Amino acid sequence: LIVVDSKNPTPQNWKDVIPEGKFPLSISTIGKKIFAHYIKDATSEVIQYSLDGKKEFTIAFPGLGTASGFSGKENEQVGYYSFTSYVYPPTIFKYDINTGKSILYKKPNIKINTDLFESKQVFYTSKDGTKIPMIITYKKGMQQNGKNPVMLYGYGGFNISLTPSFSVSNMVFMENGGIYAVANLRGGGEYGDAWHNAGTKMQKQNVFDDFIAAAEYLIKENYTSTNYLAISGGSNGGLLVGACMTQRPDLYRVC
């Protein structure tokens, strides 16, 4: 984030307010505060800054998930944001910019006990040594015995980041013993332009390698085995599934 003097707008007069970091950044404001929303390892991290770039608060969320909102008018002292994850339905919070505290404002009426489930983020190694994040979600008490039905989902394209989101159908699947895994493949936007470009055009094989390595990790770590593993993807993820099904038909039971 930079500040530009409108009377001297040339680049040599620009000043950094929040310097570039490792993770993709988007900016919003409430009152006279800046909210820096980072995609940190495919999940949300939001930090409140003063207008001169002084860090004030890191917003506390209920877990690994996706936050959105944090915008308001210049004279407002409170704002609203939503938070969701693979185990947390979309919920609205009211946020006080003076204290950095959030309070529950509105939650959906979903008749599933989400406390019975948990998400875990892991990092596995792809074919060329690149570390890839994956979030694995399941019912608490799950046994890593190689016999759990696993739905592995991927996308890996168009600079789109797969951040956590809630699905009732996925919860029903997990309630019945299934495991839902989402791999954050190259081609997406999770780590910026270099990550995106590493999964495009002549580099597209990297995306397939990343997804195949995710399946191999889940089998190696005894979450599942070939007889219980399904891979899934929509749109660009359909290309992904088709390619991985063709290249490694031995690895999955269902595509």
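Below, the figures for the structure above:
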{"item": "Principal axis dimensions, largest first and in whole angstrom, of the range 25-115 by Cα", "result": "44, 28, 17"}
{"item": "Spin-label zone in the range 165-192 - amide nitrogen under 17 Å from a point set 7 Å from the Cα of V254 along the C-beta vector", "result": "168-182"}
{"item": "Coarse-grained scattering of the range 103-187 at q = 0.10, 0.19, 0.27 Å⁻¹, given as base-10 log I(q)/I(0) from a Debye sum over alpha-carbon atoms", "result": "-0.31, -0.95, -1.38"}
{"item": "Under-5 Å amide H pairs with E56, H placed in peptide plane, nonlocal only", "result": "Q48, Y49, S50"}
{"item": "K101-S26 FRET efficiency (beta carbon distance; Förster radius 25 Å; 0.05 resolution)", "result": "0.65"}
{"item": "Mean Cα-pair separation over length for the chain, i.e. relative contact order, pairs under 8 Å, 6 or more apart, %", "result": "15 percent"}
{"item": "Dipole magnitude of the chain, debye to nearest 20 (Cβ charges: Lys/Arg +1, Asp/Glu -1, about Cα centre)", "result": "340 debye"}
{"item": "CD proxy at 222 nm, helix term only [per DSSP H run n ≥ 4: -39500 (n - 2.57); per residue of the chain; nearest 500]", "result": "-5000 deg cm²/dmol"}
{"item": "Shape box of the chain [Cα atoms, principal axes, largest first, Å]", "result": "64, 46, 26"}
{"item": "Backbone HN-Hα couplings from phi across the range 43-50 [Karplus 6.51/-1.76/1.60, Hz, Gly and Pro as x]", "result": "10, 7, 10, 10, 10, 8, 10, 6"}
{"item": "Cα-based Rg / Dmax (Å) for the range 103-146", "result": "15.9, 46"}
{"item": "Folded to 0 to 90 degrees: helix 236-247 orientation relative to the chain principal axis, Cα", "result": "30 degrees"}
{"item": "Length-normalised contact order of the range 1-138 in % [C-alpha pairs under 8 Å, at least 6 apart]", "result": "14 percent"}
{"item": "Cleavage-rule hits (GluC sites (Glu not before Pro)) in the range 51-126: DSSP loop, at most 11 neighbouring Cβ within 10 angstrom", "result": "E74"}
{"item": "Compactness of the range 202-255, expressed as Rg and Dmax over alpha-carbon positions, Å", "result": "10.7, 33"}
{"item": "Inter-label distance for A60 and D128, nm, one decimal - labels placed 7 Å from Cα along Cα-to-Cβ", "result": "4.2 nm"}
{"item": "Cut-off 11 Å, label 7 Å out along Cα→Cβ of V3, residues of the range 49-91 by amide N", "result": "50-54"}
{"item": "Solvent-accessible area of L229 with every protein chain in place, 1.4 Å probe, in Å² to the nearest 10", "result": "0 Å²"}
{"item": "Exposure rank, largest accessible area first [R248, R253, R186; 1.4 Å]", "result": "R253, R248, R186"}
{"item": "In order through the range 65-82: 3J(HN,Hα) via Karplus (6.51 cos²θ - 1.76 cosθ + 1.60), integer Hz, x for Gly, Pro", "result": "x, 10, 10, 8, x, 6, 9, x, 7, 5, 9, 8, 10, 10, x, 10, 8, 10"}
{"item": "For the range 172-242: relative contact order, % (alpha-carbon pairs under 8 angstrom, 6 or more apart)", "result": "18 percent"}
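The values are calculated or read from the model by the stated rules, or taken from the named source; none is laboratory data. None of these values were measured; they are calculated from a predicted model. For neighbour counting, all protein chains shown are included, and Cβ atoms are generated from backbone atoms with ideal geometry for every residue, glycine included. Ligands, DNA and RNA are stripped out before the accessible areas are found, and what is left, the full protein with its side chains, is counted by its heavy atoms. Shrake-Rupley method; radii C 1.70, N 1.55, O 1.52, S 1.80 Å.
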